Amino acid sequence: MYRIKKTLLFLIIIFFCCNNNKTVPQQVLGKKENLKYKYGAVSSADELATEIGMKILMDGGNAIDAAVGVGFALAVVYPQAGNLGGGGFFVIHLSDGRDVAIDFREMAPLNAHKNMYLDEYGNVIEDLSTIGCLASAVPGSVAGLLYALEKYGTMSRAEVMKYAIDLAENGFRIKPELANSLNNNLKDFKKFESTKKIFGRKFKGGEILVQKDLAYTLKKIRDEGKDGFYKGEIADKIVQEMKRGGGIISYEDLENYIVKERQVIKGTYRGYEIITMPPPSSGGICLIYLLNILENFNLSDNDLFSAENIHLMVEAMRRVFADRSEHLGDVDFYPVPVDVLISKDFARKMFSDFDKNKATPSSDISPVKINNEGENTTHYSVVDSYGNIVAVTTTINDIYGNKVIVDGAGFFLNNEMDDFSIKAGVPNIYGLLGNVANEIQPKKRPLSSMTPTIIFRDKKPFLVLGSPGGSKIITTVLNTIVRIIDFGLSLEEAIDLPRFHHQWFPDEIQIERELLDGKTQKRLLEMGHTFRQVHNFGRVDAIMFLNDGVLKAHSDMRGYGKAIVY
Ligand code: DON
């Protein structure tokens, strides 16, 4: 009898050990040999968030655990863009070889409609889609982070959220950059009572910011999971905020929010394999379309910043953004011709009118007819030692979203409705145009440019990257890839050197800093280009796999983030 009892007890212990530890399969599948790093790498827009990601890896978490911890941490320490009230995308390469795209983009509320931002004469009402409660779509971030954790992570909510909760509850020392950013937006913060309570004063670098309401919300999520945000007390607070501010997000909208797992977009560039985000992001399709065009030319025959290369890349960008405006939207609502747009033949055909000496005026370019068959965002990259790789881009759209904090819950809401085409031919805050494919419909997800991307060489991971920057996200990721693959630049150079961008309309090359010397400027002007200097290029956070198992990570010098390899 005693022996049977003992055996039973032994079996019960084994059962619990195996079941309690969902970390085993995920982590065991990875290979640790020949690695010159112990835990992995994290690169994000904020030092504290990056350190938290690294702590989670050192606590034994995998890259997904760490990414989720970074996501919650950014919601506390990087309120410009880190968020609970927004949405985003994960692109993941798992150690067992599977590729996954997780779509936690915001959804239009059930009461949203096509003309909701137009007056009785059909004119766009200023600021309605950008500031205040009506600008918000139903947030997806909490559902998305928890989905990733539950399905692909190995740790509990409490384990990955404890650092973020501590920073919200006990405060953190704010950087001068954050203080400046908050002070620059003070005028808008003062428009909303709930925001004024927390951010309605001047801040100084070095002071401690405590966010008790946000800590409360985070604890509800830790304790109750998705329901702690989309139902009950926090849902009440969101709906009450909507009522006060003329918004339309309802209990039903919150309860019905769903995360979607989608097939990654796949492409190749000079033999490298690329996985990236599908619609409702335009980022992946546009990136592959651009690379397919450029692959037909030898970029390295000319200098990186030569007039020839800038002209070539700008002409490609102009055409790709024209097609973006017409064909891209939420695939659940509109038949996006994905396969056509990412095919090499299509790219060749579309670019056959390219003149190497002359700019094509954007007004001469219309989106092609395709027969259908059928400062603010933030990016972070995480790699673990088991072979899991995560690229996440998340946003509340504009800096501090719609500028409204949900009273008592401590987080900013997004103004993602402005990413829809609120009227055909009217540009959004990034100057992007759109049409039927991206018009507003209840439950639809607004078109995004976010481009979390992972690149492989000879079947082995090579580069993981992404960026904020609105429409410039796509060209920022493109510029970085081309500089590394075609010009052999280091990760730092590829990211930090000045960039350029074209998006069809406005018909101008947007350039950064001292990109063009006098001779190049003259040549581009002769070709018929115009340019304007801008400073709002995205901040890339990337990790690169060098030979022999060495990792390199870099956080864009334009920001104040941090990259750690350990
Ligand atoms: O999803 C998008 O494309 C935009 N909401 C991204 C906004 C953004 O990158 C702002 N950052 N600077």
Within the range 351-386, the residues that are small (G, A, S) and either buried (at least 23 other Cβ atoms within 10 Å of the Cβ) or within 16 Å of the ligand (Cβ to nearest atom) (or both) are S381
From the list K423, K403, pick out the single residue that is part of a loop (DSSP other than H, G, I, E, B) and more than 27 Å from V320 (Cα to Cα).
K403
Among the residues that make up the range 488-508, is at least one of them over 21 Å from the mean Cα position of the chain (by Cα), away from the ligand (no atom under 14 Å from the Cβ), surrounded by 19 or more Cβ atoms within 10 Å (Cβ to Cβ) and within 22 Å of R319 (Cα to Cα)?
yes
If you go through the range 456-469 one residue at a time, do you hit one that is outside any loop (DSSP other than H, G, I, E, B) and within 16 Å of the ligand (Cβ to nearest atom)?
yes
Condition set part of a loop (DSSP other than H, G, I, E, B) and within 15 Å of the ligand (Cβ to nearest atom), scope the range 430-439, selection surrounded by the most Cβ atoms within 10 Å (Cβ to Cβ): answer is G434
Give the residue, chosen from G561, G549, G528, that is small (G, A, S) and either in contact with a Gly (Cβ under 6 Å, 6 or more places away or on another chain) or under 23 Å from G387 (Cβ atoms) (or both).
G549
For I422, work out the one condition from (1) under 30 Å from Q211 (Cβ atoms); (2) of a type outside the set (D, E, K, R); (3) within 15 Å of the ligand (Cβ to nearest atom) it doesn't fulfil.
(1)
Would you check which residues across the range 442-455 are within 16 Å of the ligand (Cβ to nearest atom), closer than 15 Å to Y269 by Cβ and not in a loop (DSSP other than H, G, I, E, B) and list them?
T453
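For (1) in a loop (DSSP other than H, G, I, E, B); (2) of a type in the set (A, V, I, L, M); (3) under 25 Å from L465 (Cβ atoms); (4) within 15 Å of the ligand (Cβ to nearest atom), each residue gets a yes or a no:
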position: N83; (1), (2), (3), (4): yes, no, yes, yes
position: F89; (1), (2), (3), (4): no, no, yes, yes
position: S95; (1), (2), (3), (4): yes, no, yes, no
position: K114; (1), (2), (3), (4): yes, no, no, no
position: G122; (1), (2), (3), (4): yes, no, no, no
position: L128; (1), (2), (3), (4): yes, yes, no, no
position: A148; (1), (2), (3), (4): no, yes, yes, no
position: T154; (1), (2), (3), (4): yes, no, yes, no
Determine if the range 317-335 includes at least one residue that is more than 23 Å from the chain's Cα centre (by Cα) and acidic (D, E).
no
Is there a residue being hydroxyl-bearing (S, T, Y), within 27 Å of P452 (Cα to Cα) and in contact with a Phe, Trp or Tyr (Cβ under 8 Å, 6 or more places away or on another chain) anywhere in the range 412-431?
no
Is it fair to say I56 is modelled with pLDDT of 95 or more, under 30 Å from I238 (Cβ atoms) and assigned to a helix (DSSP H, G or I)?
yes
For the range 282-294, does any single residue satisfy the condition of being within 24 Å of the chain's Cα centre (by Cα) and surrounded by fewer than 20 Cβ atoms within 10 Å (Cβ to Cβ)?
no
So D332, is it modelled with pLDDT of 95 or more, not polar (S, T, N, Q) and not in a helix (DSSP H, G or I):
yes
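To keep it simple, each residue is scored yes or no on (1) farther than 25 Å from V565 by Cα; (2) surrounded by fewer than 19 Cβ atoms within 10 Å (Cβ to Cβ); (3) not basic (K, R).
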position: L35; (1), (2), (3): no, yes, yes
position: G40; (1), (2), (3): no, no, yes
position: R98; (1), (2), (3): no, yes, no
position: N111; (1), (2), (3): yes, yes, yes
position: Y121; (1), (2), (3): yes, yes, yes
position: I125; (1), (2), (3): yes, yes, yes
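The values are calculated or read from the model by the stated rules, or taken from the named source; none is laboratory data. Bear in mind the structure is a predicted one, so any value in this text is a computation, not a measurement. Don't worry about glycine lacking a Cβ; one is built from the backbone with ideal geometry, like all the others, and counts go over all protein chains shown.
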